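Here is the structure we will look at, set down as structure tokens.
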Amino acid sequence: MTSEKRKVVVVGAGSGIGAATAAHFHEQGDFVLAVDLHPNDTPAARHEQCDLRDAAAIAALLDRIGPGWDLLSYVAGVPGTAPAADVLKVNYLGMRLMAAGMLPLLRRDGAIVTVASVAALGWQQRVDDLAGLLDATDGAAVEHWQAQQDPDYPVYSTSKQAAIVFAKRLAPAAWQKYGIRVNTVSPGPVETPILPDFEESMGKDVLDTVKAAVGRHATVDDIVPVIAFLGSPQARWINGQDIHVDGGFVAPLVAGTPIQL
Ligand SMILES: NC(=O)c1ccc[n+]([C@@H]2O[C@H](COP(=O)([O-])OP(=O)(O)OC[C@H]3O[C@@H](n4cnc5c(N)ncnc54)[C@H](O)[C@@H]3O)[C@@H](O)[C@H]2O)c1
């Protein structure tokens with residue numbers, strides 16, 4: 001995508017989409033820092049372990065890695081089968097802390113790309129509901145907010161909605177102050193190790209319906225090029241956007257009856 005060698009941080013690089021993202025940049029000659037909770041052999045120039053539920057661990061990681069980066073790709077995530085606090089801390093708060101902490105460590109014209117999900121569908125109607133979560137900047141505040149929510153509302157959706165809203169709110173100042181673009185990528189179902197957990201928490205019938213509508217689930221190779229593009233200089237005028245990468249599954253849900261051909 002670009003001939004210039006860049007320095008890329010991939011968070012959640014141990015498995016699935018994150019591992020494929022790290023491998024993509026490594027193979028094209030970029031310097032990749034692969035961050036994950038678990039040790040892994042993902043192709044990368046450097047590996048760091050970090051528990052994204054732990055704000056102090058994130059701060060220590062940022063201290064260790066220092067400045068001079070071109071891209072933060074925050075791919076880490078846990079499914080709705082995990083404890084609610086973990087879902088909010090990994091999928092939302094950890095991303096927020098990494099993004100805010102990396103802004104001064106990224107070069108001008110750099111980018112932040114976070115992986116959200118089409119499970120965030122309807123986030124526009126939840127902006128007011130999420131106000132308290134968007135005000136929460138530490139784990140205790142996030143847990144306090146969640147304790148007051150309807151336990152039947154899927155926390156995974158909440159976490160991804162908050163990630164999208166936060167990214168859109170961060171984007172204007174990130175651009176104006178640092179020259180950094182902030183976008184999110186929202187996949188539909190992807191064949192990765194997390195998929196059985198989604199079948200458990202969202203219902204296998206729901207995921208099978210999605211699969212039938214578009215013909216198959218995504219593979220990581222459907223998602224990585226979109227992350228790579230949004231993180232590249234070619235996407236220089238795209239900022240504050242959430243890009244669905246779902247084979248078109250969501251479009252008729254928001255635009256009304258599909259045209260029959
Ligand atoms: N697979 C799908 O169907 C799908 C669909 C939409 C969105 N997503 C999102 O894509 C992203 C990647 O998911 P995936 O499918 O590759 O799943 P995956 O389980 O294969 O990878 C997730 C990675 O996040 C890491 N991680 C989890 N908790 C962590 C923590 N506390 N600290 C550090 N790292 C941690 C894991 O170790 C793992 O390497 C997630 O944000 C997920 O929500 C996935």
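The numbers here are math on the coordinates, done by the rules we state, and not lab data. Since the model is a prediction, treat every value here as computed from it, not as a measurement. Virtual Cβ from ideal backbone geometry, glycine too; neighbours counted across all protein chains shown.
At a threshold of 8 angstrom on Cα-Cα distance, excluding pairs fewer than six apart, so keeping six or more, what relative contact order does region 7-243 reach in percent?
Worked out over region 7-243, it gives 21 percent.
Taking H placed 1.01 Å from N in the peptide plane, check which residues at least 5 places from Val185 or on another chain put their amide H under 5 Å from its amide H.
Amide H to amide H, under 5 Å and 5 or more residues apart or across chains, Val185 pairs with Thr114, Val115, Ala116, Ile243.
Sorted from fewest to most neighbouring beta carbons within 10 Å, what does the list Ser186, Ser15, Ser73 look like?
Going from least to most buried by this count: Ser15, Ser186, Ser73.
Taking the Cα centre of each part, how many Å lie between region 142-184 and region 226-261?
19 Å
Going Cα to Cα from Lys211, which lysines come in below 26 Å? Please leave out same-chain ones fewer than 8 positions away.
Reachable lysines: Lys160.
Test of understanding: ordering Asp70, Asp86 by Cβ neighbours within 10 Å, fewest first, what list do you get?
Asp86, Asp70
List the trypsin sites (Lys or Arg not before Pro) within region 1-51 that DSSP assigns to loop and that have no more than 12 neighbouring Cβ atoms inside 10 Å.
Passing sites in region 1-51 are Lys5.
Quick one: longest stretch of the chain between exposed loop GluC sites (Glu not before Pro), exposed meaning at most 15 other C-beta atoms within 10 Å and loop per DSSP?
Value returned for the longest uninterrupted segment is 5-190.
State, to one decimal in nm², a quarter of the convex hull surface area for the C-alpha atoms of region 166-261, i.e. the direction-averaged projected area.
8.1 nm²
Counting pairs of Cα atoms in the chain, how many percent are more than 23 Å apart?
When every Cα pair of the chain is considered, 49 percent fall beyond 23 Å.
So, R0 is 41 Å and r is the distance between the beta-carbons of Arg236 and Thr81; what FRET efficiency does that work out to, to 0.05?
Working from the Cβ atoms, E equals 0.60.
Between the DSSP loop rule and a limit of at most 13 other Cβ atoms within 10 Å, which trypsin sites (Lys or Arg not before Pro) in region 163-225 are left?
Passing sites in region 163-225 are Arg216.
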